[in-house]
Every structure is written in structure tokens, then in C-alpha cells.
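Worksheet for the structure shown next.
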Amino acid sequence: QVQLVESGGGLVQPGGSLRLSCAVSRSIFSINAMGWYRHVPGKQRELVARSRTGGSTYYADSVKGRFTMTRDSAKNTVYLQMDNLQPEDTAVYYCNADERYPWGQGTQVTVSS
């Protein structure tokens, strides 16, 4: 059973930055695509970034130019660098591979002054 463990969330002021990490319990070298999602209670889970091996990275319009997704196959970890955070970015953030694996516990990001 693949496990996903997200970390790096926290409370940050508008305009601040955070870097999220997602540790994957198997090699990500052969995983074609990994993504970062976020969920706000009462709303559907939203895909914010998706990185394909050897391909381009998709970003939701709402985060384009502010978020950057990277992956480190040697560490089986994917990252989400989030800059210029805004209150509307407040959510629980998760990673997954096209929703194929059980969801982790997520990491809470709160943007507030």
C-alpha cells in the first residue's frame, strides 16, 4: 500500500511563502504524473499542479506564476513552492498520483493577517 505523507504547511501572512513536501513510500521514478491538490471544506478537491515525468507541468490558473512544483526522484519526494500566498489559498493540501493512491492526511495552509 503506497503511503503519502504531506508536510510543510502552517500559518503565513498574505504575500508570504511556504514549501510543502510529499514523501512517497515507493519510487516515484516510474510514476508518470504526480499532483498537488487542495481542499476547502464545503468545496470539491481542486487540482493545483500536476507534473508529468519528462513533460510539462500544469498549474491551475489561480496559482500560475506563484506556485512551482518539483520532484526529487532520489528522495521519492515532491514539493510545492508557494509564493505570494493569498487568503484564498487557505486549504488542506494533498499530493497524489492521479488519485490512484489512498489520500494522506494532508497539510493545512492558512493565509491570514
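Quick note: the coordinates plus some simple rules give every number you see, no bench work behind them. Only a predicted model underlies this, so the values are computations on that prediction, with no experimental measurement involved. As a convention, Cβ positions derive from the backbone with ideal geometry for all residues, glycine included, and neighbour counts pool all protein chains shown.
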Computed label-point distance, nm, for sites residue 57 and residue 19 using a 7 Å Cα→Cβ extension: 1.2 nm
Expressed in µm² per second, the diffusion coefficient of the range 1-67 from the Stokes-Einstein equation, with Rh the Kirkwood radius over alpha carbon pairs, at 25 °C and 0.890 mPa s, is 178 µm²/s
Which chymotrypsin sites (Phe, Trp or Tyr not before Pro) from the range 1-61 combine a DSSP loop assignment with at most 10 other Cβ atoms within 10 Å? 29
Quick one: Debye curve from the alpha-carbon atoms of the chain only, equal weights, vacuum; give me log10 I(q)/I(0) at q = 0.13, 0.23 Å⁻¹ to two decimals. -0.43, -1.35
Gap separating the Cα centres of the range 3-56 and the range 67-92, nearest whole Å: 6 Å
